[in-house]
Amino acid sequence: TKGGYEHFMYKEINEQPGALRRTTQGRLNTHTGGVELDEFPPGTFADVEQIHLVAMGTSHHAGMYAASLLNARGIPAFAFMSGEYSVVKPPVTPNTLVIAVSQSGETADTLDAVRRARAAGAKTLAVTNVVGSSMTRECDDELLLRAGPEIGVAATKTFSSQVTALALLSERISEDITGVRSSDARNLMEALARLPGDVQEILDTSTAREIAIEYEESDAYFFIGRGPAHPVALEGALKFKEISYEHAEGFAASELKHGPLALVTPITPVFAIFTGHEDEATLSNMKEVQARGAPVIAVTSDRSSEVVEFADHVLSIPETHPEIAGILANVQLQLVAYHAANLLERPIDKPRNLAKCVTVE
Ligand code: M6R
């Protein structure tokens with residue numbers, strides 16, 4: 001049931017603290033900075049040479065996010081849309097680990113990518129929310145999200161849990177491959193342990209509804225970010241368009257000047273996401289769009305910086321480890337999308353033309 005909420009999506013957004021607690025439960029050690037995944041004891045991934053993350057939609061954004069965490073640890077990792085994977089045919093070896101990210105575990109394109117990878121000799125691992133799903137049967141191994149059932153077509157709590165589970169997995173993998181724990185692993189584990197509380201703080205204090213009201217009449221909505229904030233920008237735009245039916249696009253902030261800037265006008269609000277990844281450069285991009293008259297909503301944990309001074313509005317997130325700040329920023333963007341769609345009286349839980357699970361290619 002919707003448990004008193006008007007929509008499943010809003011219920012699931014609000015369930016995130018509990019979901020994240022379950023995703024990390026018993027899987028991290030804040031004293032040692034170690035990852036404790038029963039499924040994957042230390043050494044499991046010692047032979048892995050490269051990683052492919054295959055997924056669609058929101059799960060692909062989680063895959064992109066994880067690729068950036070792995071790359072930051074010196075691990076060759078690449079995120080692919082699973083629908084493109086069997087067309088592009090990136091080379092795999094027996095030491096390639098293919099991680100399939102799928103909430104439902106039933107997405108046809110992702111199942112197809114996994115089958116192709118297995119046939120080519122790769123190892124496969126499913127990161128999914130559904131026990132016993134096809135993905136878990138097709139892959140060699142599985143890591144469950146434990147986020148609880150997600151009914152709304154728009155994926156919300158499962159994205160947060162996917163990135164969280166993938167952050168743990170990335171740390172395990174990099175420790176196995178490099179033989180050393182990352183230097184700030186303990187800070188990361190502490191931040192992951194605080195994550196449910198940080199998300200709760202956003203849910204309790206967010207001004208996302210006011211932003212949605214202020215910009216209800218806009219022409220289009222743009223989202224920009226760098227590093228792990230790039231997939232968050234894509235995810236913010238995907239959520240916005242799928243439930244509000246308004247035009248929304250996400251870009252890497254560095255891409256702006258190479259085309260998208262032509263679309264920026266005083267009636268295209270820009271959400272700029274700051275997660276501590278070359279924030280100075282994103283601040284310049286923010287000023288560039290403001291110079292074209294666009295209002296900027298900065299999503300940031302910084303309360304005193306130039307970003308706050310120049311932004312037209314701020315959606316605040318608690319201070320945390322930069323690698324997981326994107327999860328918090330995304331919660332604010334989920335709320336903006338939800339309130340915007342609600343103001344427009346859209347059928348939030350069942351957007352037109354979309355299904356929860358896409359079982360055809
Ligand atoms: O079940 P999956 O995670 O494999 O689904 C993949 C996409 O269809 C899904 O993430 C979709 O983009 C979201 N429901 C959008 O909110």
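Values for this structure:
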{"read-out": "Largest-first principal axis extents of the Cα set of region 156-216 (Å)", "value": "51, 18, 17"}
{"read-out": "Cut-off 10 Å between beta-carbons: net charge of the residues surrounding Phe159, Lys and Arg +1, Asp and Glu -1", "value": "0"}
{"read-out": "Spatial separation of Cα centroids for region 22-96 and region 313-331, in angstrom", "value": "22 Å"}
{"read-out": "Top of Thr58, Thr205, Thr282 by mean-square fluctuation, Gaussian network on the chain, Cα under 10 Å", "value": "Thr205"}
{"read-out": "Rh by Kirkwood over Cα pairs, then Stokes-Einstein D for region 212-284 at 1.306 mPa s and 10 °C, µm²/s", "value": "129 µm²/s"}
{"read-out": "Span-rule helices in the chain, defined as complete DSSP H runs reaching 15 Å or more along the axis (Cα) with Kyte mean at least 0.5", "value": "322-343"}
{"read-out": "Highest-MSF residue in the chain out of Thr156, Thr207, Thr136 [GNM, Cα springs under 10 Å]", "value": "Thr207"}
{"read-out": "Residue among Ser244, Ser133, Ser102 with the largest mean-square fluctuation in a Gaussian network model of the chain, springs linking Cα atoms under 10 Å", "value": "Ser133"}
{"read-out": "Cβ-defined net charge surrounding Val131, 12 Å radius [Lys, Arg +1; Asp, Glu -1]", "value": "+1"}
{"read-out": "Gain on full stretching of the segment that runs from Lys257 to Thr178 - 0.36 nm per residue minus C-alpha separation", "value": "24.7 nm"}
{"read-out": "Pairwise label distance in nanometres, Asp141 with Ala119, each label 7 Å out on the Cα-Cβ vector", "value": "2.5 nm"}
{"read-out": "P(r), alpha carbons of region 1-86 - 10 Å bins starting at zero, rounded %", "value": "14, 28, 37, 17, 4"}
{"read-out": "Charge sum, other residues only, whose C-beta stays under 13 Å from Gly63's C-beta, Lys/Arg counted +1 and Asp/Glu -1", "value": "-3"}
{"read-out": "The chain, helix-only ellipticity at 222 nm - DSSP H runs n ≥ 4, -39,500 (n - 2.57), divided by all residues, nearest 500", "value": "-14000 deg cm²/dmol"}
{"read-out": "Largest to smallest principal axis extent of the C-alpha atoms in region 46-179, angstrom", "value": "38, 28, 23"}
{"read-out": "Furthest towards positive pole of dipole, Pro76, Val358, Leu203, structure part the chain, Cβ charges", "value": "Val358"}
{"read-out": "Gain on full stretching of the segment that runs from Thr32 to Phe310 - 0.36 nm per residue minus C-alpha separation", "value": "96.0 nm"}
{"read-out": "Å³ per residue enclosed by the Cα convex hull of the chain", "value": "130 Å³"}
{"read-out": "Nonlocal amide H pairs with Leu28, under 5 Å, H built at 1.01 Å", "value": "Glu36"}
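Computed from the coordinates by the stated procedures, all read-outs in this text should not be read as laboratory data. Since the model is a prediction, treat every value here as computed from it, not as a measurement. Reconstructed Cβ throughout: ideal geometry from the backbone, glycine too, with neighbour counts over all protein chains shown.
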